[in-house]
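Undergrad: The structure that follows is given in the form of structure tokens.
We did not get these values from a lab; they are worked out from the coordinates using the rules stated. For clarity, every value in this text was computed on a predicted model and none was experimentally measured. Positions of Cβ are backbone-derived with ideal geometry, glycine not excepted, and every protein chain shown enters the neighbour counts.
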Amino acid sequence: MKFFIDTANLAQIKEANDLGILDGVTTNPSLMAKEGIKGDAAVMQHYIDICNIVDGDVSAEVISTDYAGMIAEGEKLAALHENIVVKIPMIKDGVKAIKYLTSKGIKTNCTLVFGPGQAILAAKAGATYISPFVGRLDDISYDGMELIAQIAQIFAVQGYQTQILAASIRNPMHIIKSAQMGAHVITSPLASILALLKHPLTDSGLAQFLADHAKSNS
Ligand code: G3P
């Protein structure tokens, strides 16, 4: 399972990349706004800066919601760097845009996926990735992980090549469960990735090893 970081914060992207386990980055307009990135030129430069840190796919989301606007934006974003993946919302024109961009050899990530029918449509259109939002489903008392399992089963049965990118990850259990359920990728905030490191028995065990070493060498 690939690990992407879900942020536009360059320091956090560098920290995750330095861990040696980072395969890519996802962003969205909210994450860009959170970093104070405003204006077309600044947004484009920020994507290039991210691509210069990480050797892997970087999702950049379109703002348009009509077919012509989405493909124009998508082609512009894709021209920025070979690792750019154009993120397209799961709407009718978005499906058409995914089909078009795929036919031009441009990678796509279909975002805002909340149901298996949407996942099937995106896969049929040739999306490179689909992003089911597990945390936002959990927020409204649906089981986000159940959706990942359902999509994984459908894609396996149908032989779809589209990769399941579990998004809206809120905690380390979401990452572990995504791996169990057959997600190809997770995209997560840095905190949930780092939380995977933690176990109290690791900390106490290491402290004991170091204390015993110090005693026997004093
Ligand atoms: O990038 C899309 C997704 O990961 C958003 O997550 O936490 O805003 O639901 P969240």
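Undergrad: Relative to the compact globular guide of 2.2 N^0.38 Å, what is the alpha carbon radius of gyration of segment 21-109, as a ratio?
TA: Taking the Cα Rg and dividing by 2.2 N^0.38 Å, one obtains 1.02.
Undergrad: Gain in length, LEU80 to LYS34, computed as 0.36 nm per residue apart minus the alpha-carbon separation, to one decimal in nm?
TA: Once the chain is fully extended between LEU80 and LYS34, it gains 14.4 nm.
Undergrad: So which trypsin sites (Lys or Arg not before Pro) in segment 95-142 are both in a DSSP loop and have at most 16 other Cβ atoms within 10 Å of their Cβ?
TA: Of the trypsin sites (Lys or Arg not before Pro), the ones in loops of segment 95-142 whose Cβ has at most 16 other Cβ atoms within 10 Å are LYS104.
Undergrad: Over segment 38-142, what relative contact order in percent results from Cα pairs under 8 Å that are six or more residues apart?
TA: Rounded, it is 20 percent for segment 38-142.
Undergrad: Quick one: among ALA78, ALA33, ALA183, which has the greatest mean-square fluctuation in a GNM of the chain with alpha-carbon springs under 10 angstrom?
TA: ALA33
Undergrad: Can you tell me the convex hull volume per residue for the chain, based on C-alpha atoms, in Å³ to the nearest whole number?
TA: 142 Å³
Undergrad: Taking the Cα of ASN171, stepping 7 Å toward and past its beta carbon, and measuring to each backbone N in segment 119-143: which are under 18 Å?
TA: 133-143
Undergrad: A further question on this structure: What's the Kirkwood radius of segment 1-61 in Å, using all Cα pairs?
TA: Every distinct Cα pair counted, the radius reaches 11.4 Å.
Undergrad: Between GLN45 and LEU197, 0.36 nm times their residue separation minus their Cα-Cα distance comes to what?
TA: 51.5 nm
Undergrad: Work out the charge dipole of segment 18-152 with +1 on the Cβ of Lys and Arg and -1 on the Cβ of Asp and Glu about the Cα centre, then indicate which of LEU31, ALA152, ILE106 is farthest towards its positive end.
TA: Among LEU31, ALA152, ILE106, the one farthest towards the positive end of the dipole of segment 18-152 is ILE106.
Undergrad: Based on the Cα coordinates of segment 60-121, what is the per residue volume of their convex hull in Å³?
TA: 72 Å³
Undergrad: Follow-up question, since we're still on this one. Hey, in the GNM for the chain with a 10 angstrom Cα cutoff, which one of ALA179, ALA11, ALA122 fluctuates hardest?
TA: Judging by the Gaussian network model, the answer is ALA11.
Undergrad: Set the Förster radius R0 to 45 Å, insert the Cβ-Cβ distance between ASN52 and SER218 as r into 1/(1 + (r/R0)^6), and round the FRET efficiency to 0.05.
TA: Once rounded, the FRET efficiency stands at 0.40.
Undergrad: Now for a different question. As I understand it, the value is the acute angle between the Cα axis of helix 172-181 and the longest principal axis of the Cα atoms of the chain; what does it come to in degrees, rounded to 10?
TA: 60 degrees
Undergrad: Helix 144-158: angle to the longest alpha-carbon principal axis of the chain, degrees 0 to 90, nearest 10?
TA: 60 degrees
Undergrad: For the chain, what is the mean residue ellipticity at 222 nm derived from helices alone (per DSSP H run of n ≥ 4: -39500 (n - 2.57); sum divided by total residues; nearest 500 deg cm²/dmol)?
TA: Computed mean residue ellipticity for the chain: -16500 deg cm²/dmol.
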